[in-house]
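In what follows, a structure is listed as C-alpha cells, so that the remarks can point back to it.
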Amino acid sequence: TELHARRSTPRDDDEREIQVVPGMGAVGQLDEHDGVGTRGGDFVLSPVLDDDTPPHPYRPHSGENAQYLRDIILGVNDGLVSMFLLILGVAGGGSSSRQILLTGVTGALAGAISMALGEYMATKSQKEVTQGDLELEKEHFLYNRHIELDEVKGALESFGLTGRLLDEATKVIGAKDDTLMAFMKAFEFGATEETERSPVKAMLMSGCLFVGGSLPSFVPFIFTGDTNLALIIAAVLCSLALFAVGAFKTRTTHGNPIKAGTENLLFGAVGAAVSYGIGALYDHFVKSQVE
C-alpha cells in the first residue's frame, strides 16, 4: 500500500499523482488549483517503497484500554513510592515493627480511597465539561455556523490541504451536523470513543492498583519482627517493582525499557533517601529533647 505525493514544479503539475490507502480519499491527479501540502506545492506525504524493500511487520497500537494507562501507572507507582517513603520515614523515626505494619496497612487503605475518589471526580468532571462544550457546539452550529466552518478550514489547512481540495473538504464536513460534530469533537476537544474514559473504571483501577503497589512496602513486616530485615526485603521488592513499572510503560510508548525502568527506580531511590533522612533527623531531635 502506498501513500505519497511527487514533488511538484511548474513543469510537472500533471504528474502530481496521489495514491492513498482505502478509506482515506480518492486516487487522482491534482492540477494547480487543487491542494495537498504547502503553498509551494512540494509537500511529500511519505516516501514510496519499491519492490525490493523488505517487508516490515505491522505493529498494532496500544489497544482499547490505552486511555487508562495513566491510571495504571499512577496507581501502581503512587502506591509503591508513597508507601515505601512512608514506611522508611516511620522506621527512621524509631518505630517498632508492629507500628510500621499498622502504618502501612492504614496508609494503603487511606491512599487507595483517596486515589479512587479523586480519580472518579476528576474523570467525571472532565467528561461533564466536554459534554457541556459539545452542547454549546450545537448552538454554534445553529447560530454561528460560519465560524465553525472557518475553524474546520483552519484545521484542514494545518493538515496541508489548500485550494479547491480544501474548499471541497470543508463543504463536505460542514454539510451535515453529525459529520461536523464528529470532526469538531475530535479536533477541537480531543474527544473520541477511543479516548473516552469511564469514571467508575478509572476509580477502580486507581484504587485497586494503589493497594497493589503498596503491598511490597509493608507485607514483609507481617512475616518478621526484625525491622532491619523487613526494610531490606521491602527495599528489594519495591526496587524490582519500580523498575518493572517503568519498563512496562514502554509497551505503549515504544521507548527503551531499561532506560525507563532505571529512571523510575532512581526517582524512587532519591525519595526514599530523603524520607528516611527526615525520619532519622526527627528521631535524633526527639531523643535530644528528652535527654
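The values are calculated or read from the model by the stated rules, or taken from the named source; none is laboratory data. From a predicted model like this one, the values you see are computed outputs, not experimental measurements. Just the protein is used for accessible areas: all its heavy atoms, side chains included, with ligands, DNA and RNA removed. Shrake-Rupley method; radii C 1.70, N 1.55, O 1.52, S 1.80 Å.
Considering only protein heavy atoms, what per residue accessible area in square angstrom results for the stretch 148-291 with a 1.4 angstrom probe?
Working: 8610 Å² over 144 residues.
Accessible area per residue, the stretch 148-291: 60 Å².
Would you work out the Kirkwood radius for the stretch 170-266? I mean one over the mean of 1/r across all pairs of different Cα atoms, in Å.
Evaluated over the stretch 170-266, this radius sits at 17.3 Å.
So who's got an amide H within less than 5 Å of the one on Leu161, skipping anything under 5 residues away but keeping other chains? H placed 1.01 Å off N, in plane.
Amide H neighbours of Leu161: Gly37.
What shape does the stretch 132-195 have by the C-alpha gyration tensor, where a ≥ b ≥ c are the square roots of the eigenvalues, rounded means a/c under 1.5, and otherwise prolate means a/b greater than b/c and oblate the rest?
Note, shape of the stretch 132-195 comes out oblate.
Please tell me the relative contact order of the stretch 128-237 in percent, rounded to the nearest whole number, where contacts are Cα pairs under 8 Å and at least six residues apart.
Averaging sequence separation for qualifying contacts and normalising by length gives 17 percent for the stretch 128-237.
Could you order Ile173, Ile258, Ile147 so the one with the most accessible surface comes first? Probe is 1.4 Å.
Ile258, Ile147, Ile173
Considering only C-alpha atoms, what is the centroid distance from the stretch 202-230 to the stretch 83-153, in Å?
Rounded to whole Å, the Cα centres lie 22 Å apart.
From the Cα gyration tensor of the stretch 94-241, with a ≥ b ≥ c the square roots of its eigenvalues, which class applies: rounded if a/c is under 1.5, or else prolate if a/b is larger than b/c, or else oblate?
Prolate.
Can you send over the carbon and sulfur percentage of the accessible area for the stretch 210-272, probe radius 1.4 Å, protein chains only?
72 percent
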